[in-house]
Each structure stands twice: as structure tokens, then as C-alpha cells.
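The values are calculated or read from the model by the stated rules, or taken from the named source; none is laboratory data. This one's a predicted model, so the numbers in the text were calculated from it and none came from an experiment. Every residue, glycine among them, receives a Cβ derived from its backbone with ideal geometry; neighbour counts consider all protein chains shown. In case anyone asks, the SASA skips ligands and DNA or RNA and just uses the protein heavy atoms, side chains included. Shrake-Rupley method; radii C 1.70, N 1.55, O 1.52, S 1.80 Å.
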Amino acid sequence: MRAREAATSFLLGLCSACIATAAAAEQPADVRALMQRLGRVERVEVAYQERVESGLIDTAVGTRGNLLYQAPDRIRRISDDGDGFALEGNRMQLIRGNQVADELIVPEIKPLAALVGTLRATFAGDLAALQADYRLDYGASEQAWTLDLAPRAMALSPLFQRIRIVGNGATIETIEMLEANGDRRTLQMRLLAREPAGIE
């Protein structure tokens, strides 16, 4: 369970690595153009709000915190309560109360390794690798684009049914995950800093 939770948090955290809040921009024409834009982000810090809805509880659970991503593989996500994770290379540290509580070796956990590989392919602009693990459905209007990801890979299917990412230009604004057990996680982000600054 601990590894599964870490994988879920990693997925949401890394997908949010290119986030800002901006006025309507010209939307990418297709998923290839979208991946090229998102892959240009070198470093970003965001404030996030996460909401978890579960059939096991009557009230949704909400958390807030900060996330820092630096290409190609470093990410640190810490809630206001001091809980979260730090990832670098193939090692993920689980953090509780601002202290390292455990460490995971990513390749030793197949579902987590699958997520890491897929998401690193996303930031590298490797669309072929992404399509190998997901069925992609991209759509865009003047105001926003939407990317739905449904897992093909067996390692991903036990984690979730679908991920929906909504954004504007090079900005990811919302990530919604429908987990395999029916729980729903929604992540909303606000940009604090990003490099390079001129991506739209």
C-alpha cells in the first residue's frame, strides 16, 4: 500500500511539473505539439491543492503544499503538514513530518517504474514511448486543451482507470485521476516560478 500511494503521488506530482496560471493562449494543434511544449520546461515550482474523493469516506479529503520539479528527473512534493516525497534518478524518499521516513528503489516496484518511465518520456517529448503504455485522446478549444490517458500497460492498470489533464497552451491547470478502486484525485496548481519564463 505504501508503494502504491507513493506511485500515485509521483504521478500527480510529475504531471504537474509544467504548471502556471495564464490567460488563454493558442492551443497546441495536436498531442505531438503539446508534448513538445511541455517538454521545454526545465524547472518549475508550484503551489498545489489536492482533493481526494473516496467511497469509503463521506467527506472529501483536501491537502495543500508545494512542488518543485527540475529536469530531467528531480522532483520534491511536500504538503503543508510536511508529508510527501523526493525523487532523484531511481530513488524515491518518502517524507513524513519533514523527515525521511523510507526510501524506495524505483526499478524494484514495477508499477512505480512504469509510471516513472512513461512520465520521463513525456517530458523528453518521446511520444512513441508514451503511446506504447497509454491510449491517448487529445482535444482542444479556444480556451483549453484536454488530454485523456488510459493505460495499456498491465503494470499501470491496477493503479488507475484514467487520467485527465486540462490545460492552456503550455500550462497544465488541472489533473484528475480516476483510480482503479473508484477513488478520484483532483490536483489544481498555481505557478510560483518557472524556467524558462517565456513558454506560452
Long-range alpha-carbon pairs in the stretch 89-200, meaning those over 17 Å apart, account in percent for 65
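Using a 1.4 angstrom probe with every protein chain in place, what is the largest-first accessible-area order of Y138, Y48? Kindly include the intermediate steps, with their values, before the conclusion.
Numbers: Y138 50, Y48 10 Å².
Greatest to least solvent exposure: Y138, Y48.
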Label model pair T174, M154: point-to-point distance (7 angstrom along the Cα→beta-carbon line) in nm is 3.5
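Report the Stokes-Einstein translational diffusion coefficient (µm² s⁻¹, integer) for the stretch 68-121, Rh taken as the Kirkwood radius over Cα pairs, at 20 °C with viscosity 1.002 mPa s. Walk me through the intermediate numbers first.
Working: Rh = 11.5 Å.
In µm²/s, the coefficient rounds to 187.
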How high is the relative contact order of the stretch 126-200, in percent, with contacts defined as C-alpha pairs under 8 Å that are six or more residues apart? 20
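For Q143 and N98, FRET efficiency with R0 = 41 Å and r from the beta-carbon atoms, rounded to 0.05? Don't skip to the answer; put the middle values down first.
Values: r = 39 Å, r/R0 = 0.95.
For R0 = 41 Å, the calculated efficiency reads 0.60.
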Using the basic label-point model (7 angstrom from Cα toward the beta carbon), what is the L56 to R40 distance in nanometres? 4.3
